Amino acid sequence: MVDKKLGGAGLRGQSAGETALCTVGKTGSGLTYRGYDIKDLAANAQFEEVAYLLLYGTLPTQTELDAYKTRLKGMRKLPEALKTVLEQIPSDAHPMDVMRTGCSMLGNLETEATDFSDQLDHIDRMLATFPGIVNYWYNFSHNGTRVETETDADSIAEQFLWTLHDKKPEPLHVEVMHASLILYAEHEFNASTFAGRVCASTLSDIHSVVTGAIGTLRGPLHGGANEAAMDMIQQWSSADEAEEAMLGMLARKEKIMGFGHAVYRESDPRNAIIKEWSKKLSEQVGDTHLYAVSERCEAVMWREKKLFCNADFFHASAYNFMGIPTKLFTPIFVCSRVSGWTAHAMEQRANNRIIRPSADYTGPETMEFVAISERG
Ligand SMILES: CC(=O)SCCNC(=O)CCNC(=O)[C@H](O)C(C)(C)COP(=O)(O)OP(=O)(O)OC[C@H]1O[C@@H](n2cnc3c(N)ncnc32)[C@H](O)[C@@H]1OP(=O)(O)O
Ligand SMILES: O=C([O-])CC(=O)C(=O)O
């Protein structure tokens with residue numbers, strides 16, 4: 001991975017526009033949001049501070065943060081028509097599809113003005129409702145209960161866990177969720193953000209931007225990797241078993257989810273942070289093997305392939321230790337990244353030209369048209 005080639009297919013390494021929101025790998029393995037190092041943000045900030053930074057341009061003062069959190073708290077109620085739709089979605093649906101539908105339905109009920117003058121209201125509403133949307137559906141379809149989304153939770157981090165388990169979560173878990181949401185909030189021109197920016201560049205509405213981005217994040221090569229990593233590591237009951245299985249996967253040239261990155265060359269700075277939280281949670285729950293398995297996977301991938309854990313890998317064990325069902329992992333990513341997606345949409349709108357690149361044609365040269373009756 002150290003000699004990663006930045007070129008060729010996938011627009012790798014090519015600039016596709018400007019942003020003032022984020023740098024990825026500018027200093028090798030660094031990540032900054034509006035100039036602030038991810039390590040400082042994850043260690044010291046709440047997720048709402050980071051969302052405010054991305055959406056409103058500066059870190060909030062204490063008064064601004066308090067007002068912002070109060071505003072978001074007041075926006076958690078789900079419209080009855082949205083609840084009705086969520087209740088129709090079967091329990092075996094993928095929660096990312098639920099998020100996609102939930103976002104789209106919200107856009108039908110609360111449509112953005114065509115001059116975008118209320119864009120921030122809709123963005124804040126999505127931030128406030130997304131945890132409730134996925135967990136309302138989850139609880140209804142899995143437990144037959146209609147969970148209250150207007151909770152007393154102090155933050156989006158707490159709101160996610162509260163609406164999932166229908167009770168006030170423990171402080172350590174809320175702290176981990178803040179860090180996790182901060183780590184996932186923004187990442188320059190990643191696939192889902194780029195999809196969102198393409199949509200925004202057509203002057204489409206903010207719910208279409210986010211719906212498209214959710215569909216793009218869903219895939220296992222992007223946000224879906226945290227779930228795929230969990231499915232993989234939970235098969236193994238010891239580090240030795242994990243190592244043997246991984247060597248087999250590598251020999252068969254299988255992709256190992258949660259490793260590698262399109263931009264970083266040597267490490268993903270988010271990994272060390274979530275890994276530390278995973279370790280702490282592992283000790284808290286008395287885990288006997290999952291963290292050890294994860295660490296061995298990391299060592300084997302580096303030793304064999306010089307591939308490193310990306311943000312997703314240790315998120316898998318961390319979320320698992322907090323009792324979060326695997327299929328809800330990527331929706332948490334949505335609850336966070338909606339801040340980055342929409343900050344990019346606003347940035348695109350503020351200086352817009354439709355995104356429409358060219359293609360290198362590889363099809364046949366001029367063909368003579370043959371009438372349908374004469375085709376063999
Ligand atoms: C939050 C996020 O979205 S982070 C990304 C989450 N996605 C994953 O974890 C999925 C697994 N990882 C991958 O598929 C890739 O590493 C990606 C999609 C993240 C990046 O893709 P690319 O930029 O095309 O990868 P890159 O050019 O570094 O690949 C170099 C080589 O390493 C291999 N490689 C890269 N990642 C992996 C992996 N996880 N497992 C096995 N081999 C891998 C590639 O197949 C390629 O081999 P080749 O030269 O023989 O074809
Ligand atoms: O930047 C990317 O390609 C993927 C990624 O890590 C992210 O979106 O967080």
Check: How far is it, in nm, from the label point at Gln284 to the one at Tyr361 when both lie 7 Å from their Cα along the line to the Cβ?
Finding: 5.9
Check: Once the Cα gyration tensor of the stretch 1-149 is found, what semi-axes does its equivalent ellipsoid get, as square roots of 5 times the eigenvalues, in whole Å, sorted largest first?
Finding: 33, 22, 17
Check: Using alpha carbons only, what's the Rg to Rh ratio of the stretch 264-309 with Rh from Kirkwood?
Finding: 1.02
Checklist line | Fraction in percent of alpha-carbon pairs per bin - 5 Å, the stretch 101-152 | finding: 4, 19, 23, 22, 15, 9, 5, 2, 0
Notebook entry, point to check: After finding the eigenvalues of the alpha carbon gyration tensor for the stretch 204-253, what semi-axes result from the square roots of 5 times each, listed largest first in whole Å?
Noted result: 35, 11, 5
Note to self: Pairs of alpha-carbon atoms within less than 8 angstrom and 6+ residues apart define the contacts here; what relative contact order does the stretch 24-143 have, in percent?
What the structure shows: 25
Check: For the chain, what is the relative contact order in percent, using Cα pairs closer than 8 Å and at least 6 residues apart in sequence?
Finding: 23
Checklist line | Separation of the Thr70 and Asp92 label points, Cα + 7 Å toward Cβ, nm | finding: 4.9
Next item on the list: Please give the calculated 222 nm ellipticity per residue for the chain, where each DSSP H segment of at least 4 residues contributes -39500 (n - 2.57) and the sum is spread over every residue; nearest 500 deg cm²/dmol?
Entry: -18000 deg cm²/dmol
Checklist line | aspartates and glutamates whose Cα lies under 17 Å from that of Lys69, excluding same-chain neighbours fewer than 8 positions away | finding: Glu48, Glu49, Asp121, Asp124, Glu150, Asp152, Asp154, Glu158, Glu175
Checklist line | Paired Rg and Dmax values of the stretch 165-239, which use every Cα atom, in angstrom | finding: 16.3, 52
Item checked: Ala350-Ala272 FRET efficiency (beta carbon distance; Förster radius 51 Å; 0.05 resolution) -> 0.90
Next item on the list: Provide Rg and Dmax in Å for the stretch 190-329, with only Cα atoms included in the calculation.
Entry: 16.4, 53
Margin query: Viscosity 0.890 mPa s, temperature 25 °C: what is the translational diffusion coefficient of the chain from Stokes-Einstein with a Kirkwood Rh over Cα pairs, rounded to a whole number of µm²/s?
Written below: 113
Notebook entry, point to check: Size of the stretch 123-222 along its principal axes in angstrom, Cα-based, largest extent first?
Noted result: 41, 28, 27
Notebook entry, point to check: Tell me which lysines have Cα within less than 22 Å of Lys39's Cα, excluding those fewer than 8 residues away on the same chain?
Noted result: Lys26, Lys275, Lys279, Lys280
Checklist line | Spin-label model distance (nm) - Lys255 vs Trp302, 7 Å beyond Cα toward Cβ | finding: 2.4
Note to self: Given a Förster distance of 51 Å, report the FRET efficiency between Glu241 and Asp115 from their Cβ-Cβ distance, rounded to the nearest 0.05.
What the structure shows: 0.30
Next item on the list: Give the residue from Cys297, Thr211, Ile123 lying farthest towards the positive end of the charge dipole for the chain; charges sit on Cβ (+1 for Lys and Arg, -1 for Asp and Glu) and the dipole is referred to the Cα centre.
Entry: Cys297
Notebook entry, point to check: Taking the alpha-carbon centroid of each part, what is the distance from the stretch 53-75 to the stretch 182-201 in angstrom?
Noted result: 21
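Here, each number is a calculation from the coordinates, and none is a lab measurement. Keep in mind that what you see is a predicted model, and the values were worked out from it rather than measured. In this analysis, Cβ positions are derived from the backbone assuming ideal geometry, glycine residues included, and neighbour counts consider all displayed protein chains.
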